[in-house]
Each structure stands twice: as C-alpha cells, then as structure tokens.
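To keep things clear, I will list the structure first and then write my remarks on it.
The values are calculated or read from the model by the stated rules, or taken from the named source; none is laboratory data. This structure is a prediction, so every number in the text was calculated from the model and none was measured. FYI the Cβ positions are ideal-geometry reconstructions off the backbone, even for glycines, and counts take in every protein chain you see. Heads up: the accessible areas ignore ligands, DNA and RNA and are worked out on the full protein's heavy atoms, side chains in. Shrake-Rupley method; radii C 1.70, N 1.55, O 1.52, S 1.80 Å.
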Amino acid sequence: MPTLLKYEPEKTLEYGKKAMAKKDDVIAVVDKICKEGFSNLFFVGVGGTLTQAWSYEATLKPIASFPFYVEHAADFNTEGNKKFGKDSVLIVTSATGNTKEVVETVNKAKEVGARVISVVGAPKTPLVELADYSIEGYGDLIFYMMLLRFAYNKGDYPEYDEMIKNLENLVEVLPYAEKQADEYCEAYVRNHRDDKIQYLIGSGNLWGPTYSYAMCIMEEMQWMRTKSVTAGDFFHGTLEVIERDDTVLLFFGEDETRPQMERVEKFLKTICNNVYKFDTASLPLPNVDPKFRGLFSPLVMHCFTSRIEAYQEEYGKHPLAIRRYYRQLSY
C-alpha cells in the first residue's frame, strides 16, 4: 500500500487561495447588507451543507449578538419559521447549485422579500440566478470571512482583521498538516474498514464535521454503518452499547467543549480496545496564533478526514462517487 494516497498538497493550497481571493467580494456584500440593516440570519441547507452550518452556529453562539438560525431545508419548507421575514437574510450554499430543497427555500425567501446570499460551486445554476448576492466558491473558508464579518460590523468581533491574516497563514500550512495526519489515519482504516458498525463522537464546532463524516462519507459514499453522537449525549444512551471490540472515533477540537471530549475519552479507555483519537491539537500550524486554533478546528480536522476517506475508498475498493440511490432514482 503506497503512503500518502491521493495526497495533492498543491491542489489543496490552490483551493484555499482561491477561496481567500473572494475576501473583498464577501466583505462588500456583508458591509452592504449591514448598512441596510437586517433582523436575523438564516442558514438553510441539507446534508453536508446543514452540518457545515452547525459549526458556524457553534462558532457564533459565544460571539455574535444578532440572531442566527440553522434550519434543514425540508423542515423549513414545510413548517416555516415565524422569525423569518422580509428583514431576514437567507444564506445558502451548494456545490452543484441546484439542490432541490434549497432552491425551494430560496423561492420562499423571494416571496417574502428576504435577501439571499448564495455560495455556489457551479456558475449559471438556479442558486446563483435566484440569489440577490452570489459568491462563486464552496467550503468553510468563505463562511469564516462572511459570518465573522457580520459579527465585526455589529461590534462583536474586533479581531476580524487579525483572524483573516491567520486564516491566510492557515491556508499555507494545512496541506503539510494533512501529511502529518496520514500514517495514523491509514492504520485506523487498515484495521477497521469493514467493521459492522463504527461510532463517531464530536463536540462544539466539530459536531458538524463529525456528523457529516459519518453521514456523507461513511454512509453515503462508502455504505458503512455508523452512529454519531455528541460528547454531551454520549453519556445518556450510547455508552451502554459500546463493547470491548467496537471501534470508536473521537473528533477532538480545541474550542471550549474540549473537556467534554476528554471525559468521553477517559471513560472509553476503561471499556473499549479500539478508540481512535483524531486531535487537531496534535498537528503543528506554523504562523497561526494559538488563540485561533479553537476557531479553526473544523478546517484542521479536514486534514484527518481527507486522509481517512482516501484509505476507506482504497481498502474498501469502493469509489467515493458511486451511489445506489442518491441522484440515481427519483424520490
């Protein structure tokens, strides 16, 4: 088995720099909306885009004074939300630009006169054409620039310019941090690719990436059975079904919820033989101020998950692109 399978640092670096190049566009959109005024922000998505937003929600909760709501598009479209109105700002994102439920959400927003920002990976698609403002791109970097700019303009986040500088530095070092994560990730997959079920635990701004990796990669793209749970909820059910030879993945970040993960780890080591700790704190990040490491944990965790998925694909002989049902059948 070759090491550093599908490791493309130049491509990772280019992707990050391309996203950071949108900084002025992002700031211009946010500053305009803030000047006009708004009552709240809604981030509406499905699947991976929804779980992305859970990280942003966890990030903004201790920082932002303005209301920020995260909704599943299917629920939002059927249930509605009384807090959503003409003074709301709807934020959506999609790699394809045509996610059915999200397009319906945007149409509903236009009906009530709410402003829409879309961040889309494909041009000339419905989510580009329907939005009031559209940023070409996809991924977390743009939302760090966008959502914390809203907080900056409200006087909640004076560290914005310093954060941007550190974000730019982070983009430069992430590809090399990914390399350092490789050996541990390969060993985990080699030993556990075909387990009957695997448990994934995360907290704070890493709960979104934890749930997303279990659902979008392991279940959807690899047809592996998983159970994901927050560190807080682990002790209220899941702990009772963990057995000695089960496999548990811990997604450790560096935000305020890290002690919750430490509590889970301490307990698991007394009952389970196969505990794998993917810890952002274990990866060096030169030129990144340590005070931003907790904020950036979701970006750093991708150094681990990108390595895990490469080996899961290889050892399982199952290309990530293959689906049984998703976008294959009508539903």
Response to the item:
By the Cα gyration tensor axes a ≥ b ≥ c (a/c under 1.5 gives rounded; else a/b larger than b/c gives prolate, otherwise oblate), the shape of the stretch 47-120 is oblate
Worksheet item: What whole-number value in Å² describes the accessible area per residue of the stretch 154-203 for a 1.4 Å probe?
Response: 46 Å²
Worksheet, complete the sentence: The long-range amide H neighbours of residue 70, using H built 1.01 Å from N in the peptide plane and a cut-off of under 5 Å, are 43
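Compactness ratio of the stretch 200-243: Cα Rg over 2.2 N^0.38 Å, N = residue count? Walk me through the intermediate numbers first.
Details: Rg = 10.8 Å, N = 44, 2.2 N^0.38 = 9.3 Å.
Normalised Rg, Cα atoms only: 1.16.
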Response to the item:
Computed over the chain, the convex hull of the Cα set has an average projected area, in nm², of 16.9 nm²
Fill in: Å² per residue, accessible surface of the stretch 41-138 at 1.4 Å
43 Å²
Worksheet item: residue 14 to residue 233: extension gain in nm, 0.36 nm per residue of separation minus the Cα-Cα distance?
Response: 75.0 nm
Fill in: Residue order for 258, 190, 149, 244 - accessible surface, 1.4 angstrom probe, largest first
244, 190, 258, 149
Response to the item:
Rounded to the nearest 10 Å², the 1.4 Å probe accessible area of residue 176 is 120 Å²
Fill in: Unit charges at the beta carbon, dipole of the stretch 1-146: most positive-side option, 143, 37, 125
37
Worksheet entry | Distance (nanometres) between label positions extended 7 Å along Cα→Cβ at residue 282 and residue 122 | 3.7 nm
Worksheet item: Can you work out the base-10 log of I(q)/I(0) for the stretch 186-326 at q = 0.11 1/Å, using the Debye formula on its C-alpha atoms alone?
Response: -0.40
Worksheet item: What whole number of Å gives the distance from the Cα centroid of the stretch 285-319 to the Cα centroid of the stretch 1-65?
Response: 16 Å
Worksheet item: Of the heavy-atom accessible surface of the stretch 15-159 (probe 1.4 angstrom), what whole percent is carbon and sulfur?
Response: 50 percent
Worksheet entry | Two-site label geometry, residue 21 and residue 245: point separation in nm, points 7 Å out along Cα→Cβ | 5.3 nm
Worksheet item: Taking H as built 1.01 Å from N, whose amide H comes closer than 5 Å to the amide H of residue 224, not counting residues under 5 places away?
Response: 219
Discussion item. Just to be sure I understand the model, the point goes 7 Å from the Cα along the line to the Cβ. What's the resulting residue 32 to residue 87 distance in nm?
Written reply: 2.1 nm
